[in-house]
1. Looking only at the range 128-159, filter to residues that are at pLDDT 95 or above, touching a strand residue (DSSP E or B) at 6+ places or on another chain (Cβ under 9 Å) and among the charged types (D, E, K, R); which one of those is farthest from the ligand (Cβ to nearest atom)?
2. Which residue is surrounded by the most Cβ atoms within 10 Å (Cβ to Cβ), if the candidates are limited to the range 173-216 and must be in a strand (DSSP E or B) and not aliphatic (A, V, I, L, M)?
3. Given the range 64-172, what strands (runs of 3 or more DSSP E) lie entirely inside it while holding 3 or more residues that are surrounded by 20 or more Cβ atoms within 10 Å (Cβ to Cβ)?
4. Taking the condition among the small types (Gly, Ala, Ser), without any contact (Cβ under 8 Å) to a residue 60 or more places away in the chain and within 11 Å of the ligand (Cβ to nearest atom), does Gly113 pass?
5. Quickly run through the range 1-29 and pick out the residues that are within 19 Å of Met177 (Cα to Cα) and surrounded by fewer than 18 Cβ atoms within 10 Å (Cβ to Cβ).
6. Quick check on this structure: which one of Trp166, Trp195 is closer than 15 Å to Ile40 by Cβ and in contact with a Gly (Cβ under 8 Å, 6 or more places away or on another chain)?
7. If we scan the range 17-32, do we find a residue that is hydrophobic (A, V, I, L, M, F, W, C) and in a helix (DSSP H, G or I)?
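The values are calculated or read from the model by the stated rules, or taken from the named source; none is laboratory data. Please read these numbers as outputs of a predicted model, since none were measured by experiment. Positions of Cβ are backbone-derived with ideal geometry, glycine not excepted, and every protein chain shown enters the neighbour counts.
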Amino acid sequence: GRGEALRGKRVLITAGPTHEPIDPVRYIANRSSGRQGFAIAAAAAEMGAEVHLIAGPVHLATPPGVTRIDVETAREMAAAVDAALPADIAILVAAVADWRTADAADQKIKKTGGALPVLQLAENPDILAGLAGDPRRPALLIGFAAETEHVVAHAQAKLARKRCDWIVANDVSGDVMGGQNNAVHIVTGQGVESWADLPKDQVARKLMEKIADAVR
Ligand code: C5P
């Protein structure tokens, strides 16, 4: 039955945004709600998997049967992913910030009436690309790609660049980020499957069923 398809499989999922501190009261963020990743975690747990969900700052309840690790920054997320290995399947849904501030200020930055503050940025670790090259690489490694144009072409390029197995690509030019629905394209070495616009929990169940077929 549905509760057995992923029995014995360890599934690692990242979800939500990351927050990158500027000073003690300010941060760099993005519009990810974490809903799609949490729905995937819920669906994986319903199918009997052992689910480890590494969540950025979101306002969502932990799905039943899921082990949740809360993090704030990309570097914390990378460390939590490392600590959660090994896994049979990893699905990296998080909208990880590409950049952090090179040096977060220890005290609140004040207006001086003079020069404007300049934010010096540093690149964050790419968790997905890192996992792809790790000796503990999960047997099935899946990334997400939020794009505003040329969705499938960008996803195909990302699949090759990040050396993962599948990219789930979605068009975020509308209100997907934070919204209830998602229209995705599953891009694999075998080709592209485009799914209809569906509620995020249905995208999650359909994706987990495809994953269960692939690892069976
Ligand atoms: O390159 P881009 O950020 O669009 O790639 C998206 C995919 O890579 C997602 O699966 C996301 O979770 C993952 N990613 C990551 N670490 C980063 C940036 C993206 O794991 N620093």
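1. Across the range 128-159, the extreme among qualifying residues is Arg137.
2. Asn182
3. Where strands (runs of 3 or more DSSP E) fall fully within the range 64-172 and carry at least 3 residues being surrounded by 20 or more Cβ atoms within 10 Å (Cβ to Cβ), they are 89-92, 140-147, 166-171.
4. Working: among the small types (Gly, Ala, Ser): yes; without any contact (Cβ under 8 Å) to a residue 60 or more places away in the chain: yes; within 11 Å of the ligand (Cβ to nearest atom): no.
In short, no.
5. Ala29, the sole residue that qualifies.
6. Details: Trp195 fails: in contact with a Gly (Cβ under 8 Å, 6 or more places away or on another chain).
The unique qualifying residue is Trp166.
7. First, pick out the residues of the range 17-32 that are hydrophobic (A, V, I, L, M, F, W, C): 22, 25, 28-29.
Among the residues that remain, those that are also in a helix (DSSP H, G or I) are: none.
No, the conditions are met nowhere in the range 17-32.
Condition check ((1) free of Cβ contacts under 8 Å to residues at least 40 places away in the same chain; (2) out of contact with any Pro (no Cβ under 7 Å at 6 or more places or on another chain); (3) of a type in the set (Gly, Ala, Ser)) across all residues:
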| residue | (1), (2), (3) |
| --- | --- |
| Ala132 | yes, yes, yes |
| Ile142 | no, yes, no |
| Glu149 | yes, yes, no |
| Ala157 | yes, yes, yes |
| Ile167 | yes, yes, no |
